[in-house]
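Working notes, beginning with the structure itself.
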Amino acid sequence: NKDVKHVEIEGYTIIGRRDRRDGRKCGGVALFGLSNREESMTLVKDSESSERLWILIHSDLRPYLVGAWYRPPFLGEMETIKSLRTEWEELSQEAVVTILVGDMNIHHKKWLRRSDGNTAEGEELYKFCKEAGWQQLVIEATREKYLLDLVITDVEDAKHKVLPKITDHECVLVYFDLPV
């Protein structure tokens, strides 16, 4: 919401925020990190073509690439998936693993089960995830009876929890151990 100037979550610092640029007064994405670890996180990309942010979390291993993405619910819209692939190919060179979270608004019954059929954009994202070696963790519905809010990653021990809803979506918390 463009009227929200500052968001605070106790114990966390905002690492990156991207408000909608299409004139609507709602939405956007933000990435928060633990306040006592913020020096380990760097905003590396604010997507020019999508409502997506990328940060690197610098670990004792190598950097972890973390992204937050809102994909509009437009049937046949493929450009944001194509730009996801391009951004990830560029940014993942520095990272050992990737975690991508967000409201991706896709349907793919075979992959997500809680979907309203299959769509071309659902198939495209599914194909890309398989090629990248990512798994999708969330199995619960996150908006009404549908699974729209995804956690896509190649972190083997990443876990998630679906939390109570804010407005019309349940929140999804992702957590993983990372030595920093």
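Does at least one position in the range 135-150 carry a residue that is open to solvent by 90 Å² or more (accessible area, probe 1.4 Å), over 21 Å from Leu53 (Cα atoms) and assigned to a strand (DSSP E or B)?
no
Restricted to the range 64-77, and to residues that are open to solvent by 20 Å² or more (accessible area, probe 1.4 Å) and under 13 Å from Gly102 (Cα atoms), which residue is modelled with the highest pLDDT?
Across the range 64-77, the extreme among qualifying residues is Tyr70.
So, in the range 151-172, of the ones that are in contact with a strand residue (DSSP E or B) (Cβ under 9 Å, 6 or more places away or on another chain) and open to solvent by 70 Å² or more (accessible area, probe 1.4 Å), which residue ends up nearest to Tyr126 (Cα to Cα)?
Taking the range 151-172 first, the residues in contact with a strand residue (DSSP E or B) (Cβ under 9 Å, 6 or more places away or on another chain) are 151-156, 158-165, 168-172.
Subset that is open to solvent by 70 Å² or more (accessible area, probe 1.4 Å): 156, 159, 161, 164-165.
Values: Glu156: 18, Lys159: 20, Lys161: 22, Pro164: 27, Lys165: 26 Å.
Per the stated criteria, the residue is Glu156.
Can you confirm whether Thr167 is on the phi < 0 side of the Ramachandran plot and among the hydroxyl-bearing types (Ser, Thr, Tyr)? Break it down into steps so the answer makes sense when it comes.
On the way: on the phi < 0 side of the Ramachandran plot: no; among the hydroxyl-bearing types (Ser, Thr, Tyr): yes.
Considered against the rule, which asks whether it is on the phi < 0 side of the Ramachandran plot and among the hydroxyl-bearing types (Ser, Thr, Tyr), Thr167 comes out as no.
For Val155, only one of the following conditions fails: (1) hydrophobic (A, V, I, L, M, F, W, C); (2) farther than 19 Å from Pro72 by Cβ; (3) touching a residue at least 24 places away in the same chain (Cβ under 8 Å); (4) not in a loop (DSSP other than H, G, I, E, B). What is its number?
(4)
This table checks each residue for (1) over 21 Å from Gly16 (Cβ atoms); (2) within 13 Å of the chain's Cα centre (by Cα).
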| position | (1), (2) |
| --- | --- |
| Ser83 | no, no |
| Lys110 | yes, no |
| Thr119 | yes, no |
| Ala141 | yes, no |
| Glu170 | yes, no |
| Leu173 | no, yes |
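Please tell me if Glu48 is modelled with pLDDT of 95 or more and open to solvent by 60 Å² or more (accessible area, probe 1.4 Å).
The answer is no for Glu48.
Looking only at the range 123-138, decide whether some residue is among the charged types (D, E, K, R) and over 22 Å from Ser83 (Cβ atoms).
no
Go through the range 78-108 and give me each residue that's among the charged types (D, E, K, R), surrounded by fewer than 18 Cβ atoms within 10 Å (Cβ to Cβ) and at pLDDT 95 or above.
Across the range 78-108, the qualifying residues are Glu79, Lys82, Arg85, Glu89, Glu90.
Looking only at residues that are touching a residue at least 40 places away in the same chain (Cβ under 8 Å) and of a type in the set (Val, Ile, Thr) in the range 61-112, which one is nearest to Glu48 (Cα to Cα)?
Per the stated criteria, the residue is Ile81.
Run down Leu34, Leu61 and say which single residue is modelled with pLDDT under 90 and within 21 Å of Cys171 (Cα to Cα).
Answer to the check: Leu34.
Within the group Lys161, Lys165, which residue is among the charged types (D, E, K, R), in a strand (DSSP E or B) and within 30 Å of Ser40 (Cβ to Cβ)? So that I can check it myself, show each step before the final result.
Details: Lys165 fails: within 30 Å of Ser40 (Cβ to Cβ).
Every option except Lys161 fails the conditions.
Yes or no: Glu79 in contact with a Lys or Arg (Cβ under 8 Å, 6 or more places away or on another chain) and of a type outside the set (Gly, Ala, Ser)?
Against the criterion (in contact with a Lys or Arg (Cβ under 8 Å, 6 or more places away or on another chain) and of a type outside the set (Gly, Ala, Ser)), Glu79 does not qualify.
The values are calculated or read from the model by the stated rules, or taken from the named source; none is laboratory data. Here the structure is a predicted model, which means the values were calculated and not measured. Note that each Cβ is placed from the backbone with ideal geometry, even for glycine, and that neighbours are counted across all protein chains shown. In case anyone asks, the SASA skips ligands and DNA or RNA and just uses the protein heavy atoms, side chains included. Shrake-Rupley method; radii C 1.70, N 1.55, O 1.52, S 1.80 Å.
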